[in-house]
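Reading through the structure tokens given below for one structure.
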Amino acid sequence: MQDGHCFYCAADLSATAWTVDHLIPLIRGGSDGPENIVVACPSCNFRKADRTPEEFAAGISHRRKMWRKGLLV
């Protein structure tokens, strides 16, 4: 369904390693069912950790805003 792309950053996974990610982490009540599984690049999966997709996206958005304002070094 993802056509060989990372669920989070849309990177092409056809020529690189990929990982399986739980949208809702198991520790947060997610399941191993297919409705809760996506493929992701290792970088996104590692950074997402035990957050929900919404929490992960909010963190990325917050860091991008800070970077644009010159607040990140």
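The values are calculated or read from the model by the stated rules, or taken from the named source; none is laboratory data. Everything numeric here is computed off the predicted structure, so don't read it as measured data. A quick note on method: Cβ atoms are made from the backbone with ideal geometry, for glycine too, and the neighbour counts reach across all protein chains shown.
Please indicate, with yes or no, whether at least one residue in region 55-73 is assigned to a strand (DSSP E or B) and modelled with pLDDT of 90 or more. No - not one qualifying residue is present in region 55-73. When ILE24 is tested against the conditions (1) of a type in the set (A, V, I, L, M, F, W, C); (2) more than 20 Å from MET1 (Cα to Cα); (3) under 13 Å from the mean Cα position of the chain (by Cα), the lone failure is (2). Got at least one residue in region 16-37 being at positive phi and modelled with pLDDT of 95 or more? Within region 16-37, one or more residues are at positive phi and modelled with pLDDT of 95 or more.
Residues checked against (1) within 21 Å of GLY59 (Cβ to Cβ); (2) in contact with a strand residue (DSSP E or B) (Cβ under 6 Å, 6 or more places away or on another chain); (3) surrounded by 11 or more Cβ atoms within 10 Å (Cβ to Cβ); (4) in contact (Cβ under 8 Å) with a residue 24 or more places away in the chain:
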site: CYS6; (1), (2), (3), (4): yes, yes, yes, yes
site: ALA10; (1), (2), (3), (4): yes, no, yes, no
site: THR19; (1), (2), (3), (4): yes, yes, yes, yes
site: LEU26; (1), (2), (3), (4): yes, no, yes, no
site: ASP32; (1), (2), (3), (4): no, no, no, no
site: CYS41; (1), (2), (3), (4): yes, no, yes, yes
site: CYS44; (1), (2), (3), (4): yes, no, yes, yes
site: LYS48; (1), (2), (3), (4): yes, no, yes, yes
